[in-house]
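K.L.:
Below is the structure I would like to discuss, written out as C-alpha coordinates.
The values are calculated or read from the model by the stated rules, or taken from the named source; none is laboratory data. Owing to the predicted nature of the structure, the values given are computational and were not obtained by experimental measurement. Positions of Cβ are generated from backbone atoms using ideal geometry, with glycine treated the same way; all protein chains shown enter the neighbour counts.
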Amino acid sequence: VDSEVINFGGDVRFRPTRLLEPYSEDQLLAFLREHSSQSFRVMGSRHAWNEGIKTDEVLIDLKHFDEVRILNESGERVVSVGGGCKISKLLYELNKHGLTIPAIGLITAQTVAGATATGTHGSGKPSLSHFIKRARIACFQNDQPVIREVTEGDELRASRCSMGCLGILVEVILPVVPQYFVEENTVACDSLEQAFAHEAEWPLQQLYLLPHGWSWYAQRRRVYGKERRSLTAGLYNLYWLLGLNVAFVILLKLLTAVRGSKSLLRFFFRRIAPRLLITGWRATDRSDRILTMKHELFRHIELELFVRKQDALKAMDYLVDVLSAADDAEHLLSTETNAILRTHNLEQSFCPLRGSYTHDSPICLRRLLPDDTLISMASGDDQWVSISLVTYTKKRGAFFSIAEFLAKSTFLAFDSRIHWGKWFPLGADFVEKQYARLPRFREICDEYDPVGRFRNEFVVRSLGFSNRTTNIETESDATSASPGAGTD
Ligand SMILES: Cc1cc2nc3c(=O)[nH]c(=O)nc-3n(C[C@H](O)[C@H](O)[C@H](O)COP(=O)(O)OP(=O)(O)OC[C@H]3O[C@@H](n4cnc5c(N)ncnc54)[C@H](O)[C@@H]3O)c2cc1C
(Lines give C-alpha, C1' and ligand atoms only; values in the text may rest on other atoms or scores of the structure.)
Protein backbone atom coordinates (compact mmCIF):
# COMPACT_ATOMS: atom_id res chain seq x y z
CA VAL A 1 0.00 0.00 0.00
CA ASP A 2 1.02 3.57 -0.35
CA SER A 3 -1.54 5.07 1.95
CA GLU A 4 -0.67 6.83 5.14
CA VAL A 5 -2.17 5.47 8.35
CA ILE A 6 -3.17 8.21 10.83
CA ASN A 7 -4.49 7.73 14.34
CA PHE A 8 -7.45 9.57 15.89
CA GLY A 9 -5.25 12.21 17.53
CA GLY A 10 -3.24 12.85 14.34
CA ASP A 11 -0.04 12.49 16.38
CA VAL A 12 0.90 9.11 14.83
CA ARG A 13 1.38 8.83 11.05
CA PHE A 14 3.17 6.13 9.10
CA ARG A 15 3.19 4.06 5.93
CA PRO A 16 3.32 0.29 6.40
CA THR A 17 4.72 -1.70 3.47
CA ARG A 18 1.62 -3.88 3.60
CA LEU A 19 -1.85 -3.38 5.05
CA LEU A 20 -3.64 -6.72 5.21
CA GLU A 21 -7.34 -7.25 5.98
CA PRO A 22 -7.95 -10.99 6.41
CA TYR A 23 -11.50 -12.37 6.22
CA SER A 24 -10.88 -15.63 8.06
CA GLU A 25 -8.47 -17.30 10.46
CA ASP A 26 -7.14 -19.47 7.60
CA GLN A 27 -6.38 -16.37 5.56
CA LEU A 28 -4.78 -14.66 8.55
CA LEU A 29 -2.51 -17.69 9.12
CA ALA A 30 -1.66 -17.76 5.41
CA PHE A 31 -0.67 -14.06 5.59
CA LEU A 32 1.52 -14.74 8.63
CA ARG A 33 3.23 -17.62 6.80
CA GLU A 34 3.71 -15.59 3.62
CA HIS A 35 5.29 -12.65 5.49
CA SER A 36 7.02 -14.60 8.24
CA SER A 37 10.34 -12.84 7.64
CA GLN A 38 8.71 -9.52 8.55
CA SER A 39 7.24 -8.01 11.67
CA PHE A 40 3.52 -7.43 12.30
CA ARG A 41 1.40 -4.97 14.21
CA VAL A 42 -2.38 -4.90 14.40
CA MET A 43 -4.62 -1.89 14.32
CA GLY A 44 -8.10 -1.60 15.77
CA SER A 45 -9.93 1.71 15.42
CA ARG A 46 -6.65 3.70 15.75
CA HIS A 47 -7.94 5.56 18.81
CA ALA A 48 -4.78 5.16 20.89
CA TRP A 49 -2.57 8.26 21.10
CA ASN A 50 0.72 6.39 21.02
CA GLU A 51 2.75 4.44 18.49
CA GLY A 52 1.35 1.02 19.46
CA ILE A 53 0.05 0.44 15.92
CA LYS A 54 3.06 1.87 14.11
CA THR A 55 5.10 -0.31 11.78
CA ASP A 56 7.03 0.11 8.55
CA GLU A 57 6.40 -3.55 7.75
CA VAL A 58 3.08 -5.46 7.91
CA LEU A 59 -0.02 -3.87 9.45
CA ILE A 60 -3.04 -6.08 10.01
CA ASP A 61 -6.58 -4.72 10.22
CA LEU A 62 -8.96 -7.25 11.78
CA LYS A 63 -12.13 -5.34 10.87
CA HIS A 64 -13.68 -8.44 9.30
CA PHE A 65 -13.30 -10.37 12.57
CA ASP A 66 -16.42 -8.84 14.06
CA GLU A 67 -18.70 -11.77 14.77
CA VAL A 68 -20.70 -11.73 18.02
CA ARG A 69 -22.02 -15.07 19.36
CA ILE A 70 -23.84 -15.54 22.64
CA LEU A 71 -22.94 -18.92 24.11
CA ASN A 72 -24.30 -20.97 26.94
CA GLU A 73 -21.41 -22.54 28.87
CA SER A 74 -22.54 -24.87 31.66
CA GLY A 75 -25.55 -22.70 32.40
CA GLU A 76 -23.59 -19.42 32.21
CA ARG A 77 -24.16 -17.04 29.31
CA VAL A 78 -21.00 -15.57 27.78
CA VAL A 79 -20.22 -13.80 24.54
CA SER A 80 -17.63 -14.76 21.96
CA VAL A 81 -16.54 -11.71 20.02
CA GLY A 82 -14.08 -11.20 17.18
CA GLY A 83 -11.07 -9.06 18.06
CA GLY A 84 -11.91 -6.51 15.34
CA CYS A 85 -15.50 -6.02 16.48
CA LYS A 86 -16.29 -2.48 17.59
CA ILE A 87 -17.65 -2.12 21.10
CA SER A 88 -20.68 -0.28 19.66
CA LYS A 89 -21.58 -3.37 17.59
CA LEU A 90 -21.04 -5.70 20.55
CA LEU A 91 -23.35 -3.57 22.72
CA TYR A 92 -25.96 -3.41 19.98
CA GLU A 93 -26.00 -7.18 19.48
CA LEU A 94 -26.09 -7.90 23.22
CA ASN A 95 -28.86 -5.40 23.85
CA LYS A 96 -31.12 -7.31 21.44
CA HIS A 97 -30.97 -10.10 24.04
CA GLY A 98 -31.35 -7.82 27.07
CA LEU A 99 -27.64 -8.15 27.85
CA THR A 100 -24.54 -5.99 28.06
CA ILE A 101 -20.86 -6.19 29.06
CA PRO A 102 -19.69 -5.71 32.66
CA ALA A 103 -17.58 -2.58 32.03
CA ILE A 104 -17.53 0.16 29.42
CA GLY A 105 -15.40 3.25 28.70
CA LEU A 106 -16.53 6.73 27.67
CA ILE A 107 -16.84 5.91 23.98
CA THR A 108 -17.74 2.79 21.99
CA ALA A 109 -15.73 3.37 18.81
CA GLN A 110 -12.82 1.14 19.87
CA THR A 111 -12.47 -2.50 18.84
CA VAL A 112 -12.72 -5.13 21.55
CA ALA A 113 -9.10 -6.24 21.03
CA GLY A 114 -7.78 -2.67 20.81
CA ALA A 115 -9.63 -1.59 23.95
CA THR A 116 -8.57 -4.57 26.03
CA ALA A 117 -4.97 -4.53 24.73
CA THR A 118 -4.53 -1.17 26.51
CA GLY A 119 -6.66 -1.64 29.66
CA THR A 120 -9.57 0.58 28.58
CA HIS A 121 -11.86 1.39 31.52
CA GLY A 122 -14.83 3.38 32.78
CA SER A 123 -15.51 4.42 36.37
CA GLY A 124 -16.30 2.36 39.48
CA LYS A 125 -15.31 -1.02 38.00
CA PRO A 126 -12.19 -2.84 36.86
CA SER A 127 -11.17 -2.36 33.21
CA LEU A 128 -12.75 -4.42 30.41
CA SER A 129 -9.48 -6.38 30.13
CA HIS A 130 -10.00 -7.80 33.63
CA PHE A 131 -13.14 -9.66 32.52
CA ILE A 132 -11.69 -11.65 29.60
CA LYS A 133 -12.37 -15.32 30.33
CA ARG A 134 -10.54 -16.83 27.36
CA ALA A 135 -8.71 -15.55 24.33
CA ARG A 136 -7.57 -16.94 20.99
CA ILE A 137 -4.32 -15.57 19.67
CA ALA A 138 -2.63 -15.96 16.28
CA CYS A 139 1.12 -16.33 16.77
CA PHE A 140 4.03 -18.59 15.76
CA GLN A 141 4.96 -21.94 17.30
CA ASN A 142 8.04 -23.77 16.04
CA ASP A 143 8.12 -21.06 13.39
CA GLN A 144 4.68 -22.01 12.08
CA PRO A 145 1.65 -19.72 12.38
CA VAL A 146 -0.96 -21.15 14.72
CA ILE A 147 -3.93 -20.06 16.80
CA ARG A 148 -3.37 -20.60 20.52
CA GLU A 149 -6.20 -20.72 23.01
CA VAL A 150 -5.45 -19.05 26.33
CA THR A 151 -7.66 -20.19 29.18
CA GLU A 152 -6.02 -19.66 32.58
CA GLY A 153 -3.19 -18.52 34.81
CA ASP A 154 -0.61 -15.87 34.00
CA GLU A 155 -0.97 -16.50 30.26
CA LEU A 156 -4.60 -15.41 30.48
CA ARG A 157 -3.60 -12.45 32.67
CA ALA A 158 -0.99 -11.44 30.07
CA SER A 159 -3.47 -11.77 27.19
CA ARG A 160 -6.06 -9.58 28.90
CA CYS A 161 -3.91 -6.48 28.46
CA SER A 162 -1.08 -7.34 26.07
CA MET A 163 -0.30 -4.29 23.92
CA GLY A 164 -0.35 -6.80 21.06
CA CYS A 165 2.86 -8.44 22.28
CA LEU A 166 1.61 -12.03 22.47
CA GLY A 167 0.36 -12.00 18.89
CA ILE A 168 -2.94 -11.16 17.20
CA LEU A 169 -6.04 -11.41 19.36
CA VAL A 170 -8.62 -12.95 17.04
CA GLU A 171 -11.37 -13.77 19.53
CA VAL A 172 -12.18 -13.16 23.18
CA ILE A 173 -14.80 -14.66 25.47
CA LEU A 174 -16.37 -12.16 27.85
CA PRO A 175 -19.00 -12.59 30.53
CA VAL A 176 -22.30 -10.81 29.96
CA VAL A 177 -24.64 -9.20 32.47
CA PRO A 178 -28.33 -8.38 32.17
CA GLN A 179 -28.88 -4.93 30.66
CA TYR A 180 -29.26 -2.36 33.44
CA PHE A 181 -30.33 1.23 33.88
CA VAL A 182 -28.23 3.98 35.42
CA GLU A 183 -29.37 7.05 37.33
CA GLU A 184 -27.23 10.17 36.94
CA ASN A 185 -27.11 13.71 38.19
CA THR A 186 -24.33 16.27 38.28
CA VAL A 187 -23.63 18.27 41.44
CA ALA A 188 -21.04 20.86 42.45
CA CYS A 189 -18.68 19.76 45.24
CA ASP A 190 -16.62 21.87 47.64
CA SER A 191 -13.60 19.61 47.34
CA LEU A 192 -12.32 16.29 46.05
CA GLU A 193 -12.67 14.92 49.56
CA GLN A 194 -16.35 15.78 49.58
CA ALA A 195 -16.83 14.19 46.15
CA PHE A 196 -15.14 10.97 47.34
CA ALA A 197 -17.37 10.92 50.44
CA HIS A 198 -20.41 10.09 48.26
CA GLU A 199 -18.74 7.23 46.42
CA ALA A 200 -20.52 4.45 48.32
CA GLU A 201 -23.87 5.95 47.37
CA TRP A 202 -22.86 6.69 43.75
CA PRO A 203 -20.29 3.97 42.94
CA LEU A 204 -20.12 4.67 39.19
CA GLN A 205 -19.53 8.40 39.57
CA GLN A 206 -16.85 10.31 37.70
CA LEU A 207 -15.53 13.69 38.72
CA TYR A 208 -14.60 16.85 36.84
CA LEU A 209 -12.29 19.65 37.88
CA LEU A 210 -12.66 22.91 35.95
CA PRO A 211 -9.19 24.42 35.55
CA HIS A 212 -8.28 27.95 36.69
CA GLY A 213 -11.36 28.30 38.98
CA TRP A 214 -10.50 24.80 40.26
CA SER A 215 -14.13 23.96 41.01
CA TRP A 216 -15.19 20.33 41.43
CA TYR A 217 -18.23 18.60 39.94
CA ALA A 218 -19.40 15.03 40.49
CA GLN A 219 -21.25 13.28 37.70
CA ARG A 220 -22.99 10.98 40.16
CA ARG A 221 -24.06 7.61 38.84
CA ARG A 222 -25.54 4.43 40.25
CA VAL A 223 -27.41 1.42 38.99
CA TYR A 224 -31.14 2.10 38.99
CA GLY A 225 -33.27 -0.77 40.25
CA LYS A 226 -35.94 -0.55 37.56
CA GLU A 227 -35.75 -0.69 33.79
CA ARG A 228 -37.23 2.72 33.29
CA ARG A 229 -36.08 5.65 31.21
CA SER A 230 -36.88 8.95 32.89
CA LEU A 231 -39.25 11.23 31.00
CA THR A 232 -36.57 13.80 30.26
CA ALA A 233 -33.80 11.29 29.41
CA GLY A 234 -33.99 12.15 25.68
CA LEU A 235 -33.63 15.85 26.44
CA TYR A 236 -30.78 15.09 28.84
CA ASN A 237 -28.92 13.12 26.12
CA LEU A 238 -29.45 16.00 23.71
CA TYR A 239 -28.08 18.48 26.26
CA TRP A 240 -24.96 16.32 26.67
CA LEU A 241 -24.54 15.80 22.94
CA LEU A 242 -25.20 19.29 21.60
CA GLY A 243 -24.38 21.33 24.70
CA LEU A 244 -21.33 19.65 26.18
CA ASN A 245 -19.91 17.38 23.46
CA VAL A 246 -20.37 19.88 20.61
CA ALA A 247 -20.95 23.53 21.65
CA PHE A 248 -18.68 23.42 24.73
CA VAL A 249 -15.83 21.83 22.76
CA ILE A 250 -16.21 24.21 19.80
CA LEU A 251 -15.94 27.07 22.29
CA LEU A 252 -12.78 25.54 23.78
CA LYS A 253 -11.26 25.06 20.34
CA LEU A 254 -12.02 28.68 19.43
CA LEU A 255 -10.57 29.94 22.69
CA THR A 256 -7.35 27.94 22.32
CA ALA A 257 -7.00 29.20 18.72
CA VAL A 258 -7.14 32.86 19.75
CA ARG A 259 -3.84 34.68 20.24
CA GLY A 260 -3.24 35.52 23.88
CA SER A 261 -5.98 33.07 24.83
CA LYS A 262 -4.63 32.67 28.37
CA SER A 263 -6.84 35.28 29.97
CA LEU A 264 -9.86 34.26 27.89
CA LEU A 265 -9.48 30.65 28.98
CA ARG A 266 -9.14 31.67 32.61
CA PHE A 267 -12.23 33.89 32.35
CA PHE A 268 -14.17 31.14 30.59
CA PHE A 269 -13.42 28.47 33.19
CA ARG A 270 -13.89 30.79 36.17
CA ARG A 271 -17.05 32.64 35.09
CA ILE A 272 -18.78 30.97 32.12
CA ALA A 273 -18.22 27.19 32.28
CA PRO A 274 -19.79 26.71 35.74
CA ARG A 275 -22.97 28.37 34.41
CA LEU A 276 -23.14 26.00 31.42
CA LEU A 277 -23.27 22.91 33.63
CA ILE A 278 -26.81 22.08 34.63
CA THR A 279 -26.65 20.63 38.14
CA GLY A 280 -29.29 18.66 39.98
CA TRP A 281 -31.01 17.23 36.85
CA ARG A 282 -31.73 13.54 37.54
CA ALA A 283 -31.91 11.34 34.47
CA THR A 284 -32.23 7.58 34.19
CA ASP A 285 -31.42 5.68 31.02
CA ARG A 286 -30.01 2.44 29.64
CA SER A 287 -26.47 1.84 30.91
CA ASP A 288 -24.65 2.37 27.59
CA ARG A 289 -26.57 5.58 26.87
CA ILE A 290 -25.74 7.14 30.23
CA LEU A 291 -22.18 5.86 30.63
CA THR A 292 -20.88 6.92 27.21
CA MET A 293 -20.52 10.25 25.45
CA LYS A 294 -19.47 11.56 22.02
CA HIS A 295 -15.98 12.44 23.15
CA GLU A 296 -14.61 11.35 19.77
CA LEU A 297 -16.28 14.10 17.73
CA PHE A 298 -13.29 16.45 17.90
CA ARG A 299 -9.62 15.63 17.55
CA HIS A 300 -7.67 16.08 20.77
CA ILE A 301 -4.71 14.68 22.73
CA GLU A 302 -4.86 13.01 26.10
CA LEU A 303 -2.54 11.89 28.87
CA GLU A 304 -4.12 9.77 31.59
CA LEU A 305 -2.33 9.28 34.90
CA PHE A 306 -3.27 6.68 37.49
CA VAL A 307 -2.59 7.08 41.21
CA ARG A 308 -3.61 4.83 44.08
CA LYS A 309 -6.85 5.95 45.70
CA GLN A 310 -5.08 6.81 48.97
CA ASP A 311 -2.70 9.18 47.12
CA ALA A 312 -5.36 10.91 45.01
CA LEU A 313 -5.91 13.99 47.23
CA LYS A 314 -2.20 14.81 47.49
CA ALA A 315 -1.57 14.01 43.84
CA MET A 316 -4.37 16.37 42.77
CA ASP A 317 -3.03 19.17 45.00
CA TYR A 318 0.35 18.70 43.33
CA LEU A 319 -1.11 18.59 39.81
CA VAL A 320 -3.21 21.74 40.37
CA ASP A 321 -0.14 23.54 41.72
CA VAL A 322 2.01 22.52 38.74
CA LEU A 323 -0.70 23.48 36.21
CA SER A 324 -1.18 26.83 37.98
CA ALA A 325 2.54 27.59 37.72
CA ALA A 326 2.57 26.38 34.10
CA ASP A 327 -0.17 28.94 33.44
CA ASP A 328 1.23 31.79 35.54
CA ALA A 329 5.01 32.04 35.89
CA GLU A 330 4.57 34.09 39.09
CA HIS A 331 2.44 31.46 40.86
CA LEU A 332 3.87 30.56 44.27
CA LEU A 333 4.14 26.81 44.73
CA SER A 334 2.98 25.21 47.99
CA THR A 335 5.47 23.92 50.55
CA GLU A 336 4.44 20.36 49.63
CA THR A 337 5.05 20.87 45.91
CA ASN A 338 8.39 22.54 46.58
CA ALA A 339 9.34 19.58 48.77
CA ILE A 340 8.47 17.12 45.97
CA LEU A 341 10.50 19.07 43.42
CA ARG A 342 13.45 19.29 45.80
CA THR A 343 13.35 15.64 46.95
CA HIS A 344 13.31 14.33 43.39
CA ASN A 345 15.70 16.86 41.91
CA LEU A 346 13.04 18.28 39.63
CA GLU A 347 13.52 22.01 40.28
CA GLN A 348 15.68 22.58 37.23
CA SER A 349 13.48 20.67 34.82
CA PHE A 350 10.41 22.49 36.15
CA CYS A 351 11.86 26.00 35.71
CA PRO A 352 11.38 26.31 31.91
CA LEU A 353 7.79 25.05 32.22
CA ARG A 354 6.70 28.05 34.29
CA GLY A 355 4.34 30.23 32.25
CA SER A 356 4.59 27.86 29.26
CA TYR A 357 1.12 26.28 29.08
CA THR A 358 -2.48 27.16 29.97
CA HIS A 359 -4.64 24.10 30.40
CA ASP A 360 -7.77 24.23 28.26
CA SER A 361 -10.10 21.41 29.32
CA PRO A 362 -11.95 19.96 32.30
CA ILE A 363 -9.88 17.33 34.11
CA CYS A 364 -11.74 14.04 34.56
CA LEU A 365 -11.20 11.63 37.49
CA ARG A 366 -12.43 8.04 37.50
CA ARG A 367 -12.07 5.25 40.05
CA LEU A 368 -10.87 1.80 39.05
CA LEU A 369 -11.24 -1.40 41.01
CA PRO A 370 -8.27 -3.83 40.85
CA ASP A 371 -7.62 -5.74 37.59
CA ASP A 372 -6.50 -9.35 37.52
CA THR A 373 -3.95 -8.74 34.77
CA LEU A 374 -0.17 -8.39 34.60
CA ILE A 375 0.32 -4.91 33.16
CA SER A 376 -2.98 -3.02 32.89
CA MET A 377 -2.96 0.27 34.78
CA ALA A 378 -5.20 -1.07 37.58
CA SER A 379 -3.36 -4.40 37.86
CA GLY A 380 -2.56 -5.50 41.41
CA ASP A 381 -4.54 -5.26 44.63
CA ASP A 382 -5.16 -1.53 44.91
CA GLN A 383 -7.94 0.81 43.89
CA TRP A 384 -6.78 3.46 41.46
CA VAL A 385 -7.95 6.89 40.44
CA SER A 386 -7.32 7.93 36.87
CA ILE A 387 -6.72 11.60 36.02
CA SER A 388 -7.34 12.60 32.39
CA LEU A 389 -5.66 15.65 30.92
CA VAL A 390 -7.11 16.51 27.52
CA THR A 391 -6.05 19.37 25.28
CA TYR A 392 -7.61 20.82 22.14
CA THR A 393 -4.72 23.15 21.41
CA LYS A 394 -3.06 22.91 18.03
CA LYS A 395 0.25 23.95 19.59
CA ARG A 396 0.86 20.64 21.23
CA GLY A 397 4.54 21.08 22.12
CA ALA A 398 3.84 22.97 25.36
CA PHE A 399 1.26 20.37 26.41
CA PHE A 400 3.67 17.51 25.67
CA SER A 401 6.36 19.14 27.83
CA ILE A 402 4.10 19.61 30.83
CA ALA A 403 2.48 16.18 30.34
CA GLU A 404 5.87 14.48 30.27
CA PHE A 405 6.93 16.36 33.39
CA LEU A 406 3.71 15.31 35.16
CA ALA A 407 4.05 11.67 34.03
CA LYS A 408 7.61 11.52 35.42
CA SER A 409 7.18 13.59 38.55
CA THR A 410 3.92 11.93 39.66
CA PHE A 411 5.65 8.59 39.25
CA LEU A 412 8.54 9.74 41.47
CA ALA A 413 6.24 11.30 44.07
CA PHE A 414 3.16 9.05 43.93
CA ASP A 415 4.17 5.92 42.05
CA SER A 416 1.74 6.78 39.24
CA ARG A 417 1.19 4.79 36.05
CA ILE A 418 -0.02 6.00 32.65
CA HIS A 419 -2.62 4.66 30.23
CA TRP A 420 -1.33 2.24 27.58
CA GLY A 421 -3.81 3.60 25.03
CA LYS A 422 -3.08 7.30 25.48
CA TRP A 423 -0.12 9.60 24.96
CA PHE A 424 2.80 7.71 26.48
CA PRO A 425 6.05 9.58 27.09
CA LEU A 426 7.75 7.07 29.42
CA GLY A 427 10.43 4.52 28.65
CA ALA A 428 11.04 1.13 30.22
CA ASP A 429 13.24 2.64 32.96
CA PHE A 430 10.02 4.05 34.47
CA VAL A 431 7.61 1.29 33.43
CA GLU A 432 9.91 -1.35 34.94
CA LYS A 433 9.36 0.19 38.38
CA GLN A 434 5.62 0.68 37.91
CA TYR A 435 4.66 -2.93 37.23
CA ALA A 436 6.04 -5.61 39.52
CA ARG A 437 4.80 -8.33 37.15
CA LEU A 438 6.38 -6.86 34.00
CA PRO A 439 9.21 -9.47 33.97
CA ARG A 440 6.59 -12.26 34.03
CA PHE A 441 4.70 -10.51 31.22
CA ARG A 442 7.87 -10.34 29.10
CA GLU A 443 8.60 -14.00 29.85
CA ILE A 444 5.18 -15.01 28.48
CA CYS A 445 5.61 -12.72 25.45
CA ASP A 446 8.99 -14.36 24.76
CA GLU A 447 7.28 -17.75 24.80
CA TYR A 448 4.48 -16.67 22.44
CA ASP A 449 6.73 -14.58 20.22
CA PRO A 450 10.34 -15.81 20.64
CA VAL A 451 11.77 -13.77 17.78
CA GLY A 452 9.84 -10.53 18.38
CA ARG A 453 7.75 -10.62 15.20
CA PHE A 454 4.89 -8.82 16.94
CA ARG A 455 6.99 -6.06 18.51
CA ASN A 456 7.57 -2.55 17.26
CA GLU A 457 9.86 0.20 18.48
CA PHE A 458 7.21 1.56 20.83
CA VAL A 459 6.70 -1.67 22.78
CA VAL A 460 10.43 -2.38 22.82
CA ARG A 461 11.07 1.10 24.24
CA SER A 462 8.22 1.16 26.76
CA LEU A 463 8.07 -2.47 27.87
CA GLY A 464 11.81 -3.09 27.88
CA PHE A 465 12.00 -6.00 25.44
CA SER A 466 15.42 -6.72 24.05
CA ASN A 467 15.81 -4.93 20.76
CA ARG A 468 15.70 -6.67 17.42
CA THR A 469 16.60 -6.00 13.83
CA THR A 470 13.90 -5.47 11.22
CA ASN A 471 14.72 -8.78 9.53
CA ILE A 472 13.31 -11.53 11.68
CA GLU A 473 15.59 -14.40 12.60
CA THR A 474 14.12 -17.87 12.80
CA GLU A 475 13.44 -19.31 16.23
CA SER A 476 16.40 -21.67 16.00
CA ASP A 477 18.73 -18.75 15.15
CA ALA A 478 17.37 -16.80 18.07
CA THR A 479 17.75 -19.65 20.52
CA SER A 480 21.35 -20.18 19.59
CA ALA A 481 22.06 -16.43 19.91
CA SER A 482 20.81 -15.23 23.27
CA PRO A 483 18.11 -16.67 25.50
CA GLY A 484 14.78 -14.82 25.45
CA ALA A 485 15.91 -12.26 22.89
CA GLY A 486 14.59 -12.09 19.36
CA THR A 487 17.22 -9.62 18.37
CA ASP A 488 20.70 -8.58 18.02
C1 LIG B 1 -12.14 9.96 22.08
C2 LIG B 1 -11.52 8.84 22.89
C3 LIG B 1 -12.11 8.45 24.07
C4 LIG B 1 -11.53 7.44 24.85
N5 LIG B 1 -12.12 7.07 26.02
C6 LIG B 1 -11.54 6.15 26.81
C7 LIG B 1 -12.11 5.76 28.05
O8 LIG B 1 -13.18 6.22 28.43
N9 LIG B 1 -11.43 4.88 28.82
C10 LIG B 1 -10.24 4.37 28.44
O11 LIG B 1 -9.66 3.61 29.20
N12 LIG B 1 -9.69 4.67 27.25
C13 LIG B 1 -10.31 5.54 26.42
N14 LIG B 1 -9.74 5.86 25.22
C15 LIG B 1 -8.52 5.16 24.82
C16 LIG B 1 -8.88 3.95 23.94
O17 LIG B 1 -9.85 3.14 24.57
C18 LIG B 1 -7.61 3.11 23.70
O19 LIG B 1 -6.66 3.88 23.05
C20 LIG B 1 -7.89 1.86 22.86
O21 LIG B 1 -6.72 1.10 22.84
C22 LIG B 1 -8.31 2.19 21.45
O23 LIG B 1 -8.82 1.04 20.82
P24 LIG B 1 -8.64 0.85 19.25
O25 LIG B 1 -9.56 -0.24 18.78
O26 LIG B 1 -8.80 2.15 18.56
O27 LIG B 1 -7.15 0.33 19.20
P28 LIG B 1 -5.88 0.90 18.39
O29 LIG B 1 -5.64 2.31 18.80
O30 LIG B 1 -6.05 0.65 16.95
O31 LIG B 1 -4.75 -0.05 18.99
C32 LIG B 1 -4.39 0.03 20.34
C33 LIG B 1 -3.36 -1.07 20.66
O34 LIG B 1 -3.99 -2.34 20.60
C35 LIG B 1 -3.28 -3.20 19.73
N36 LIG B 1 -4.26 -4.07 19.06
C37 LIG B 1 -5.36 -3.68 18.39
N38 LIG B 1 -6.01 -4.76 17.91
C39 LIG B 1 -5.31 -5.85 18.29
C40 LIG B 1 -5.47 -7.26 18.10
N41 LIG B 1 -6.49 -7.77 17.42
N42 LIG B 1 -4.54 -8.08 18.64
C43 LIG B 1 -3.48 -7.59 19.33
N44 LIG B 1 -3.28 -6.27 19.54
C45 LIG B 1 -4.19 -5.41 19.03
C46 LIG B 1 -2.59 -2.26 18.75
O47 LIG B 1 -1.46 -2.86 18.16
C48 LIG B 1 -2.21 -1.10 19.65
O49 LIG B 1 -1.02 -1.35 20.31
C50 LIG B 1 -10.33 6.82 24.41
C51 LIG B 1 -9.74 7.21 23.20
C52 LIG B 1 -10.34 8.20 22.43
C53 LIG B 1 -9.72 8.60 21.12
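K.L.:
Given the condition in a helix (DSSP H, G or I), more than 15 Å from N50 (Cα to Cα) and among the polar types (S, T, N, Q), answer yes or no: does some residue in the range 388-399 qualify?
P.N.:
No, the range 388-399 contains no residue that is in a helix (DSSP H, G or I), more than 15 Å from N50 (Cα to Cα) and among the polar types (S, T, N, Q).
K.L.:
Please count how many residues of the range 46-62 are within 7 Å of the ligand (Cβ to nearest atom), of a type outside the set (A, V, I, L, M, F, W, C) and surrounded by 23 or more Cβ atoms within 10 Å (Cβ to Cβ).
P.N.:
1
K.L.:
Show the residue pairs that are 6+ apart or on different chains and have beta-carbon atoms under 6 Å apart, the first residue being within the range 152-165 and within 15 Å of the ligand (Cβ to nearest atom), the second being among the aliphatic types (A, V, I, L, M) and assigned to a loop (DSSP other than H, G, I, E, B).
P.N.:
A158/L374; S159/L166; R160/I132; C161/I375
K.L.:
Also, quick follow-up: Scan the range 114-125 and tell me whether some residue there is farther than 23 Å from L71 by Cβ, more than 21 Å from the chain's Cα centre (by Cα) and either touching a residue at least 12 places away in the same chain (Cβ under 8 Å) or within 9 Å of the ligand (Cβ to nearest atom) (or both).
P.N.:
No.
K.L.:
Would you mind telling me which numbered condition in (1) out of contact with any helix residue (DSSP H, G or I) (no Cβ under 6 Å at 6 or more places or on another chain); (2) within 16 Å of the ligand (Cβ to nearest atom); (3) within 29 Å of G122 (Cβ to Cβ) V431 fails?
P.N.:
For V431, the failing item is (1).
K.L.:
Now for a different question. I need a count of the residues in the range 243-289 that are among the small types (G, A, S), in contact with a helix residue (DSSP H, G or I) (Cβ under 7 Å, 6 or more places away or on another chain) and outside any helix (DSSP H, G or I).
P.N.:
1
K.L.:
Test of understanding: among D311, D327, D372, which residue is surrounded by 15 or more Cβ atoms within 10 Å (Cβ to Cβ), within 30 Å of V258 (Cβ to Cβ), charged (D, E, K, R) and modelled with pLDDT of 95 or more?
P.N.:
D327
K.L.:
Could we say that I301 is within 25 Å of the chain's Cα centre (by Cα) and either more than 30 Å from L241 (Cβ to Cβ) or in contact (Cβ under 8 Å) with a residue 24 or more places away in the chain (or both) here?
P.N.:
In short, yes.
K.L.:
Looking at the range 89-103, is at least one residue touching a residue at least 24 places away in the same chain (Cβ under 8 Å) and closer than 18 Å to I168 by Cα?
P.N.:
Within the range 89-103 (the criterion being touching a residue at least 24 places away in the same chain (Cβ under 8 Å) and closer than 18 Å to I168 by Cα), the answer is no, since none of the residues qualifies.
K.L.:
Tell me which residues, restricted to the range 387-440, are among the aliphatic types (A, V, I, L, M), in contact (Cβ under 8 Å) with a residue 40 or more places away in the chain and crowded, with 20+ Cβ neighbours inside 10 Å.
P.N.:
I387, L389, V390, I402, A403, L406, A407, A413, I418
K.L.:
Does the range 22-60 hold any residues that are over 30 Å from E304 (Cβ atoms) and aromatic (F, W, Y), and which are they?
P.N.:
Scanning the range 22-60 gives Y23, F31.
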